[in-house]
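The values are calculated or read from the model by the stated rules, or taken from the named source; none is laboratory data. Worth saying up front: this structure is predicted, and the values here are computed from it rather than measured. Using ideal geometry, Cβ is built from the backbone for each residue, glycine included, and neighbour counts are taken over all protein chains shown. Areas reflect the complete protein model, heavy atoms only, side chains present, ligands, DNA and RNA absent. Shrake-Rupley method; radii C 1.70, N 1.55, O 1.52, S 1.80 Å.
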Amino acid sequence: MVNIPEYYAGKNVLITGATGFMGKVLLEKLLRSCPDVRSAYVMVRPKAGQSPQARIEDMVSCKLFEKLQDEQPDFAQKIVPVHGDLTQPELGLSQEDQNTLAENIHIIFHCAATIRFNEPLKDAMQLNVLATQKMLALGRKMKQLEIFIHVSTAYANCDRELIEEVIYPPPVDYRKLIDTLEWMDDDLVAVMTPKLIKERPNTYTFTKALAEYLIQQEAGDLNIAIVRPSIVGASWKEPFPGWIDNFNGPSGIFIAAGKGILRTMRASNNAVADLVPVDVVINATLSAAWFSGSQKHHRPKNIPVYNCTTGGINPFYWGKLYHVISTFKRNPLEQAVRRPNVNLTSNHLINQYWIAVSHKAPAFMYDLYLRMIGKEPRMMKTISRLHKAMMVLEYFTSHSWVWHTDNMTMLMTHMSPEDKRVFNFDVRQLHWAEYMESYCMGTKKYVLNEELSGLPAARKHLNKLRNIRYTFNTVLVVLIWRIFIARSQMARNIWYFVVSMCFKFLSYFRASSTMR
């Protein structure tokens, strides 16, 4: 077998979802580490008045592509925007573009999907299932196609505790569901959704499972592999540590904690937070395409599935979120509302208590202060949005799964030492404390666009918040105690007893010192 860069040399690649988080990293890594790839066709739809070409130009001008720009100044010439829309018939492709893709494409990376957990079922089916069906139909027209890579999720079968690298049959027939949704109105679909998804927590995991099964049923002669990442986080090493560009998943949690807004979270300390760096996922995806594409004449009987997870190899637990808190105390976010501190509990009632005490009460007081100074109150709205997001995530922060990763191990054994270095996805080498620090700093630099030069002022602000907190707590304790002493004879007796015991202890200590 040729090595990975040699396999991609002279190949034309089609990528869907290239403007998304994973798609950007995939495009950058492909062009940088496989410099002889011929072209990267990128399916993009117009958005906010921007043409596909303009969207690509904006994308490649971001920080992520700086290293590639330095190494290959003309890299953008290899990117070919294709006007497409996954929700439209025939993907919204013109006949000319369809012919071009059919004649030229060797490899497909289907990364596009809606990742909103609470997406209405009709929309989730359109983007995650029907779009996959259309991509398969497009793939069957391609005369030189060697491999079709479908990016799924490790949580597609989260209704199971043990998840192997196989495609499981879904609870409903996807064909019947597609037909049914065509005539159902939105209100009826909303009522039926909980019964359809059953034990799965949301429409995202449900539709991703349907898409996998659809691929198995409709693959035909296509050479296909499925990559299932778990919770995709900031980059580990490439193109530099800590790159992240969104608030999704753990990033939003980390930022809310760093700002002092998130104070309590329902999670099990011993539950595995199956985070996987985005560059690990992309390296595994490119390697899987190389391996399956090289084996096109010796295809396995079943579609290979790769569980790209960390929990069974190098687990990180939700209880270790103190790494996030300690990082943001050393390197605070600007304009923090309170000092970072998060209480984890798996008990619903305790969590509700802390929400009332640590979230809603301070938010109400802060909004009251804003009203008094003539500003628009906003903290209660922020807290409400935070609670909605946390409710969506509770299922994943309170459960653990066991994923088999035999295919990932097998893939690694077939790689040359140089490929293992360049396309590294060995998470045994991942040091969580260092990674979490770079992740947190990445949210500060690339999501919030905060300069490191502002750290001294942010630290000074955090110390001010600490002093305010200590002063407030001291005054509160004194006031409460004075109220008790003023109203209760028992409280006064306890106070006098404590004072007398302290006086006697000091007297004894002085007498003992004099005798020595």
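List of remarks:
- Of all beta bridges that DSSP places with both ends in the chain, some 5 percent have antiparallel geometry.
- Just the protein heavy atoms count here, and of the accessible area of the chain at 1.4 Å, carbon and sulfur take up 55 percent.
- Average accessible surface for the stretch 132-213: 45 Å² per residue, computed with a 1.4 Å probe over protein heavy atoms with every protein chain in place.
- Surface accessible to a 1.4 Å probe, L188 within the full protein complex, Å²: 70
- One decimal place: the segment L349-I480 gains 44.6 nm when fully extended, by the rule 0.36 nm per residue minus the C-alpha distance.
- Residues K176 and M372, FRET efficiency given R0 of 45 Å [Cβ-Cβ distance, rounded to 0.05]: 0.15
- For W243, residues with placed amide H under 5 Å, excluding near neighbours: S235
- Take the Cβ atoms of M192 and A137, set R0 to 30 Å, and the FRET efficiency comes out at 0.60.
- Packing, as the average of other Cβ atoms within 10 Å across residues, places the peptides 99-112, 491-504 in the order 99-112, 491-504, highest first.
- Ranking M436, M380, M441, M490 by solvent-accessible area of protein heavy atoms (1.4 Å probe, all protein chains present), from largest to smallest, gives M490, M380, M441, M436.
- Of all complete DSSP H helices in the chain, not one has a Cα span along the helix axis of 30 Å or greater and a mean Kyte-Doolittle hydropathy of 1.0 or more.
- Under the Debye formula (equal points on every Cα, no solvent term), log10 I(q)/I(0) of the chain at q = 0.07, 0.09, 0.13 Å⁻¹: -0.47, -0.71, -1.35
- Cβ-based net charge around L455, under 10 Å, with every Lys or Arg adding one and every Asp or Glu removing one: +1
- Entries in K134/K301; K237/K420; K320/K360 that, when Cα-Cα distance is taken, lie over 18 Å: K134/K301; K320/K360
- Estimated FRET transfer efficiency (L452, Q429; beta-carbon r; R0 25 Å; 0.05): 0.40
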